[in-house]
Amino acid sequence: MKLPDKQCAIEDAVGEIKDGDTVMIGGFGVPGTPMTLIRALVAHGARGLTLVKNDANEPGMGLDHLLENGQVARLITTHLGLNSHAIALMNAGEIDVEFNAQGILAERIRAGGAGIGAILSDIGIGTELAEGKQIVELGGKAHVVEPALRADVALVHADRADTFGNLAYAATARNFNPLMAMAARCVIAEAEQVLPLGGLAADDVHTPGVFVDHVTELAEISEEYAVVRR
Amino acid sequence: MVARAAREIAPGMVVNLGIGLPTKVVNHLPSDFPVCLHTENGLAGIGPSLSPELADRNLIDAGGAYVSTVPGSAFFDSATSFAIVRSGRLDLTMLGAFEVSAGGDLANWKIPGKFSPGVGGGIELAQKARRVVVLTTHTDRAGNPKLRQDCSLPLTARGCVSRIYTDMAVIDVSESGFSLVETAEGVSTADVIAATGAPLAVPATPLPTF
């Protein structure tokens with residue numbers, strides 16, 4: 001038996017994305033952000049998107065290209081502090097922003113990927129972050145119901161992959177990528193290197209290929225990953 | 001004050017240092033000090049910051065600074081990172097503040113109408129670290145006390161702060177409110193009382209300075 005080959009041209013992979021879709025995008029700051037897939041989604045042009053990403057990168061980088069191109073209706077995120085453009089769009093009412101506590105966003109995505117309907121947590125109880133949310137009592141203590149998150153498409157960035165879509169991430173570029181790679185109907189991975197089957201040892205796989213629909217090797221590494229001087 | 005706050009870190013701890021002033025605490029620890037520094041974006045065992053020439057583009061801390069690993073470091077995903085925080089594995093976190101109340105409430109994420117970039121990981125750090133200490137200037141830029149009877153800004157977490165390190169003093173939050181522990185060199189008890197927006201208990205015995 002031989003595991004199927006899921007390699008695919010990047011344009012064909014993002015071609016499945018439709019207007020109004022929910023799209024998860026990996027990354028925490030620059031590391032792990034699928035810069036090339038984002039550019040391909042800009043070229044594809046799908047609009048009215050709901051994006052799920054930890055942050056909005058910085059002005060003129062990563063997710064910001066989708067904001068600049070007017071493709072985003074809604075953003076589910078944790079922190080926009082480094083992107084003044086995203087904050088301006090939010091304040092002007094041009095995009096709808098839902099803030100989540102960072103670890104709760106991660107758990108909601110994990111629940112979505114694990115086939116679980118919601119998680120319960122006491123994070124935010126007694127603050128405005130819990131306002132308007134369903135509260136249930138468990139063991140004599142109030143918990144917020146945090147619904148699972150799933151997406152139509154997830155875009156992830158891996159360091160190494162194989163042709164079946166097994167993925168391995170580098171250093172802190174892991175972050176939300178393995179969680180999002182489980183939580184979408186269609187999972188598209190860009191990888192700095194796509195190895196033949198067996199090139200990625202079974203013990204070294206971070207995301208099993210069974211979760212991944214398309215994998216594409218990057219012809220070049222986006223200049224947006226370059227180390228910046230602050 | 002940063003050097004004084006560094007004495008908060010005991011050997012063997014797992015510690016998360018928030019963005020801003022708290023990040024500088026690490027500069028006051030000996031290089032062989034036995035501590036595990038955690039950062040929200042998925043690393044336990046943070047090593048020294050690196051210059052752009054030496055930086056790894058895939059290795060940053062939650063504040064976006066290029067950092068390194070140490071022998072024994074581990075990388076993990078964002079769910080695991082906050083499992084560490086929420087499950088009580090984090091012994092200590094040091095956070096910045098806009099306001100701290102006499103009951104230990106912390107406000108550090110939102111100024112309605114002016115500043116609302118999102119809460120990030122701060123709420124879980126504040127609510128779930130085993131010990132939460134705050135590093136902040138004693139007053140804001142306009143000279144208003146940051147230590148108040150009640151917070152006026154949206155809260156990050158209720159009743160979470162144990163101790164506050166400022167440029168003027170070290171102050172504990174107890175069941176009866178703020179109490180003065182130490183003063184900075186050249187700062188009088190009366191100065192601290194005047195700059196604090198809630199009653200401050202002062203022990204009868206002479207206070208150490210830092």
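The values are calculated or read from the model by the stated rules, or taken from the named source; none is laboratory data. The structure presented is a predicted model; accordingly, all values stated were derived computationally and were not measured. Glycine gets a Cβ as well: all are built from the backbone with ideal geometry, and neighbour counts include every protein chain shown. Protein only, heavy atoms only, side chains kept; ligands, DNA and RNA dropped before computing areas. Shrake-Rupley method; radii C 1.70, N 1.55, O 1.52, S 1.80 Å.
Using only alpha carbons, build the gyration tensor for the stretch A:160-230 and give me the equivalent ellipsoid semi-axes, biggest first, whole Å. If you can, show how the numbers build up before the last one.
Working: eigenvalues 87, 42, 30 Å².
Over the Cα atoms of the stretch A:160-230, the semi-axes work out to 21, 14, 12 Å.
What is the helix-to-structure angle for A:102-113, meaning the angle in degrees between its Cα long axis and the longest Cα principal axis of chain A, kept from 0 to 90 and rounded to the nearest 10?
Roughly 60 degrees between the two axes.
Give me the one-decimal nm value for the distance between modelled label points at residue A:226 and residue A:193, 7 Å along each residue's Cα-to-Cβ direction.
The modelled label-to-label distance comes out at 2.4 nm.
Cut-off 10 angstrom, C-alpha nodes, Gaussian network model of chain A. Which of A:54, A:83, A:91 fluctuates the most?
Of A:54, A:83, A:91, the Gaussian network model singles out A:91 as fluctuating most.
Estimate for me the total accessible surface buried between chains B and A (protein heavy atoms, probe 1.4 Å, no ligands or nucleic acids), in Å² to the nearest 100.
Working: alone 10650 and 10860 Å², together 18190 Å².
Buried: approximately 3300 Å² between A and B.
Charges on Cβ only, +1 for Lys and Arg, -1 for Asp and Glu, centred on the Cα centroid of the stretch B:1-113; of B:76, B:29, B:6, which one is farthest towards the dipole's positive end?
B:6
Convert each backbone phi in the stretch A:45-52 into a coupling constant with the Karplus relation 6.51 cos²θ - 1.76 cosθ + 1.60 (shift: θ = phi - 60°), then list the ³J(HN,Hα) values in order as whole Hz, x for Gly and Pro.
Along the stretch A:45-52, the couplings run x, 3, 10, x, 6, 9, 9, 10 Hz.
What residue among B:48, B:34, B:117 has the largest mean-square fluctuation in a Gaussian network model of chain B, using Cα springs under 10 Å?
Highest fluctuation of the listed residues: B:117.
Based on the Cβ-Cβ distance from residue B:3 to residue B:65, what FRET efficiency comes out when R0 is 22 Å, to the nearest 0.05? Write out the running numbers ahead of the final one.
Working: r = 20 Å, r/R0 = 0.91.
E between residue B:3 and residue B:65, to the nearest 0.05, is 0.65.
Select from the stretch A:185-230 those GluC sites (Glu not before Pro) which occupy a DSSP coil region and have at most 16 other Cβ atoms within 10 Å, ordered by residue number. Don't skip to the end; give the middle numbers.
Numbers: sites: A:190, A:192, A:217, A:220, A:223, A:224; in loops: A:220.
Answer by residue number: A:220.
Using Cα-only point scatterers and the Debye equation, what is log10 of I(q)/I(0) for the protein assembly as shown at each q in 0.12, 0.13 Å⁻¹, rounded to two decimals?
-1.01, -1.15
Give the cross-link partners of residue A:18 among the aspartates and glutamates, using a straight C-alpha distance below 17 Å as the criterion and excluding same-chain residues fewer than 8 apart.
Counting by Cα, and skipping residues close in sequence, residue A:18 has these aspartates and glutamates nearby: A:152, A:213.
Tally up the carbon and sulfur contribution to the accessible surface of the stretch A:1-119 as a whole percent, 1.4 Å probe, everything protein left in place. Working shown, then result.
Numbers: 2320 of 4500 Å².
Summing carbon and sulfur atoms, their accessible area is 52 percent of the total for the stretch A:1-119.
So how compact is the stretch B:2-201: Cα radius of gyration and Dmax in angstrom?
Cα-based Rg and Dmax for the stretch B:2-201 come out at 17.0, 51 Å.
P(r) for the stretch B:1-108, please, calculated from all Cα pair distances in 10 Å bins and given in %.
The percentages, shortest bin first, are 13, 45, 34, 7, 0.
Over 30 Å between C-alpha atoms is what I'm after, so list which of B:24/B:110; A:133/B:110; A:6/A:133; A:141/B:110; A:133/B:128 land there. Could you put the intermediate results ahead of the total?
Details: B:24/B:110 23 Å; A:133/B:110 19 Å; A:6/A:133 40 Å; A:141/B:110 27 Å; A:133/B:128 20 Å.
The answer is A:6/A:133.
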